[in-house]
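To keep things clear, I will list the structure first and then write my remarks on it.
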Amino acid sequence: MSDKSSAARTPSRRAKGAQPHFFDDPNIDRLMTMIMNMAAEISVLRERLDTHEQVAAQKGAFTPTDLEAYQPTDAVADAREAWRKKFIERLLKPVEQDYDRGLD
């Protein structure tokens, strides 16, 4: 087996080809991309939250008071912080890519 196995390769995080532009000002395109990425994340989170609430209501697993009183462990807090950093990277990706290409 060669050292260049597919498991060892890291896929590129950059989109190939030109980015579509819908507005005269490329900054508006960047903002719209960021807003749509955030909207997609919020939609997924809202659906997951609703699922948790529905299952909890059916099974009586916890109450809203339990949720308000919850204190995350250090490991949970660290995992949340790691997720938040990745989320912000994804959110700001369009601006970063244009900056890397020298676009204003």
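A few remarks follow.
- Pairs of lysine residues in region 13-104 - Cα separation under 26 Å, sequence separation of 8 or more or cross-chain: 4
- Between the beta carbons of L49 and E89, assuming R0 = 30 Å, the FRET efficiency works out to 0.85 to the nearest 0.05.
Values quoted throughout were computed directly from the atomic coordinates according to the rules given, and no laboratory measurement underlies them. Model, not experiment: these values are computed from the prediction. Positions of Cβ are generated from backbone atoms using ideal geometry, with glycine treated the same way; all protein chains shown enter the neighbour counts.
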